[in-house]
1. Each label point is 7 Å from the Cα along the Cα-to-Cβ direction; what then is the distance between the points at D72 and L110, in nm?
2. Considering only protein heavy atoms and a 1.4 Å probe, what is the carbon-and-sulfur percentage of the accessible area of the stretch 1-81?
3. Cut-off under 28 Å on the C-alpha distance; same-chain residues fewer than 8 positions from K76 excluded. Which lysines are left, in chain and number order?
4. With the contact rule set at Cα under 8 Å and sequence spacing of 6 or more, what percent relative contact order holds for the stretch 1-66?
5. Which one of L80, L20, L98 has the biggest mean-square fluctuation once the chain is modelled by GNM with Cα springs under 10 Å?
6. Count neighbours as other Cβ atoms within 10 Å of each site's Cβ, and list the GluC sites (Glu not before Pro) in the stretch 24-115 that are DSSP loop with at most 15 such neighbours.
7. Using a Gaussian network model of the chain with C-alpha springs under 10 Å, which one of P14, P87, P41 is most mobile by mean-square fluctuation?
8. Among the aspartates and glutamates, which fall within straight-line cross-link reach of K43, defined as a Cα-Cα distance under 15 Å, with same-chain neighbours fewer than 8 residues apart omitted?
Amino acid sequence: QVQLVESGGGLVQPGGSLRLSCAASGSIYSINVMGWYRQAPGKEREVVARIIGAGVTNYADSVKGRSTISGDLAEKTVTLQMNSLKPEDTAVYYCYFLIAGMPYWGNGTLVTVSS
(Lines give C-alpha, C1' and ligand atoms only; values in the text may rest on other atoms or scores of the structure.)
Protein backbone atom coordinates (compact mmCIF):
# COMPACT_ATOMS: atom_id res chain seq x y z
CA GLN A 1 0.00 0.00 0.00
CA VAL A 2 1.35 3.40 -1.02
CA GLN A 3 0.38 6.59 0.76
CA LEU A 4 1.14 10.16 -0.24
CA VAL A 5 1.00 12.93 2.33
CA GLU A 6 1.03 16.56 1.22
CA SER A 7 1.74 19.67 3.22
CA GLY A 8 2.18 23.36 2.65
CA GLY A 9 -1.07 24.67 1.27
CA GLY A 10 -2.84 27.74 2.56
CA LEU A 11 -3.77 31.34 1.90
CA VAL A 12 -1.21 33.49 0.13
CA GLN A 13 -1.37 37.05 -1.12
CA PRO A 14 -0.82 37.75 -4.82
CA GLY A 15 2.89 37.98 -5.51
CA GLY A 16 3.71 35.73 -2.60
CA SER A 17 5.41 32.37 -2.45
CA LEU A 18 4.47 28.90 -1.32
CA ARG A 19 6.24 25.61 -0.88
CA LEU A 20 4.36 22.35 -1.24
CA SER A 21 5.86 19.09 -0.04
CA CYS A 22 4.84 15.48 -0.48
CA ALA A 23 6.21 12.32 1.05
CA ALA A 24 5.44 8.82 -0.14
CA SER A 25 5.49 5.78 2.06
CA GLY A 26 4.78 2.10 1.67
CA SER A 27 6.04 -0.57 -0.66
CA ILE A 28 7.85 1.52 -3.25
CA TYR A 29 10.40 -0.10 -5.52
CA SER A 30 10.43 1.91 -8.71
CA ILE A 31 9.43 5.54 -9.02
CA ASN A 32 8.85 6.51 -12.64
CA VAL A 33 7.41 10.00 -12.17
CA MET A 34 6.90 12.42 -9.29
CA GLY A 35 4.91 15.55 -9.67
CA TRP A 36 2.14 17.98 -8.88
CA TYR A 37 -1.24 18.49 -10.48
CA ARG A 38 -3.91 21.01 -9.63
CA GLN A 39 -7.63 21.40 -10.07
CA ALA A 40 -9.34 24.75 -9.91
CA PRO A 41 -13.08 25.07 -9.29
CA GLY A 42 -15.04 24.10 -12.38
CA LYS A 43 -11.93 23.01 -14.28
CA GLU A 44 -10.22 19.74 -15.09
CA ARG A 45 -7.17 18.55 -13.23
CA GLU A 46 -3.99 19.70 -14.96
CA VAL A 47 -0.31 19.03 -14.58
CA VAL A 48 1.73 21.73 -12.86
CA ALA A 49 5.19 20.17 -12.85
CA ARG A 50 6.73 16.71 -13.04
CA ILE A 51 10.04 14.97 -12.60
CA ILE A 52 10.48 12.05 -14.95
CA GLY A 53 12.94 9.34 -14.07
CA ALA A 54 16.16 10.51 -12.50
CA GLY A 55 15.65 14.17 -13.13
CA VAL A 56 14.00 15.37 -16.32
CA THR A 57 11.59 18.12 -15.33
CA ASN A 58 8.73 19.71 -17.18
CA TYR A 59 6.36 22.51 -16.25
CA ALA A 60 3.03 23.82 -17.37
CA ASP A 61 3.44 27.00 -19.39
CA SER A 62 1.32 28.84 -16.82
CA VAL A 63 3.88 28.29 -14.05
CA LYS A 64 7.13 28.10 -16.01
CA GLY A 65 9.73 30.55 -14.80
CA ARG A 66 8.17 31.04 -11.40
CA SER A 67 8.04 27.48 -10.09
CA THR A 68 10.67 24.90 -9.25
CA ILE A 69 10.07 21.21 -8.66
CA SER A 70 12.60 19.09 -6.84
CA GLY A 71 12.57 15.50 -5.75
CA ASP A 72 14.52 12.91 -3.88
CA LEU A 73 14.06 9.35 -5.10
CA ALA A 74 15.79 7.86 -2.07
CA GLU A 75 13.67 9.85 0.37
CA LYS A 76 10.57 9.49 -1.83
CA THR A 77 9.75 13.16 -1.55
CA VAL A 78 8.81 15.84 -4.03
CA THR A 79 8.61 19.57 -3.43
CA LEU A 80 7.13 22.40 -5.44
CA GLN A 81 8.28 25.97 -4.83
CA MET A 82 5.95 28.52 -6.36
CA ASN A 83 6.74 32.23 -6.53
CA SER A 84 4.94 35.28 -7.84
CA LEU A 85 1.64 33.61 -7.15
CA LYS A 86 -1.45 34.82 -8.98
CA PRO A 87 -5.14 34.49 -8.16
CA GLU A 88 -5.45 32.04 -11.04
CA ASP A 89 -3.09 29.70 -9.19
CA THR A 90 -5.89 29.09 -6.70
CA ALA A 91 -6.66 25.37 -6.78
CA VAL A 92 -6.41 22.12 -4.93
CA TYR A 93 -2.91 20.80 -5.54
CA TYR A 94 -2.37 17.05 -5.73
CA CYS A 95 0.85 15.17 -5.30
CA TYR A 96 1.34 12.42 -7.89
CA PHE A 97 3.65 9.45 -8.08
CA LEU A 98 3.85 6.91 -10.86
CA ILE A 99 5.32 3.80 -9.26
CA ALA A 100 6.05 0.72 -11.34
CA GLY A 101 3.52 1.99 -13.85
CA MET A 102 0.75 2.55 -11.29
CA PRO A 103 -0.53 6.07 -10.50
CA TYR A 104 -0.92 7.24 -6.92
CA TRP A 105 -2.45 10.50 -5.72
CA GLY A 106 -2.40 12.46 -2.53
CA ASN A 107 -5.61 13.78 -1.02
CA GLY A 108 -4.87 17.30 -2.14
CA THR A 109 -3.98 20.55 -0.42
CA LEU A 110 -5.81 23.80 -1.05
CA VAL A 111 -3.88 26.83 -2.22
CA THR A 112 -5.78 30.11 -2.23
CA VAL A 113 -4.18 33.21 -3.69
CA SER A 114 -6.12 36.24 -2.59
CA SER A 115 -5.68 39.62 -0.95
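1. The answer from the label model is 3.0 nm.
2. 47 percent
3. K64
4. Reported as a whole number, the value is 22 percent.
5. L98
6. Of the GluC sites (Glu not before Pro), the ones in loops of the stretch 24-115 whose Cβ has at most 15 other Cβ atoms within 10 Å are E44, E75.
7. For the chain, modelled as a Gaussian network with Cα springs under 10 Å, the answer is P41.
8. K43 reaches E88, D89.
The values are calculated or read from the model by the stated rules, or taken from the named source; none is laboratory data. Quick caveat, the model's predicted, so the values are computed rather than measured. For neighbour counting, all protein chains shown are included, and Cβ atoms are generated from backbone atoms with ideal geometry for every residue, glycine included. These accessible areas exclude ligands, DNA and RNA; they are computed on the full protein's heavy atoms, side chains included. Shrake-Rupley method; radii C 1.70, N 1.55, O 1.52, S 1.80 Å.
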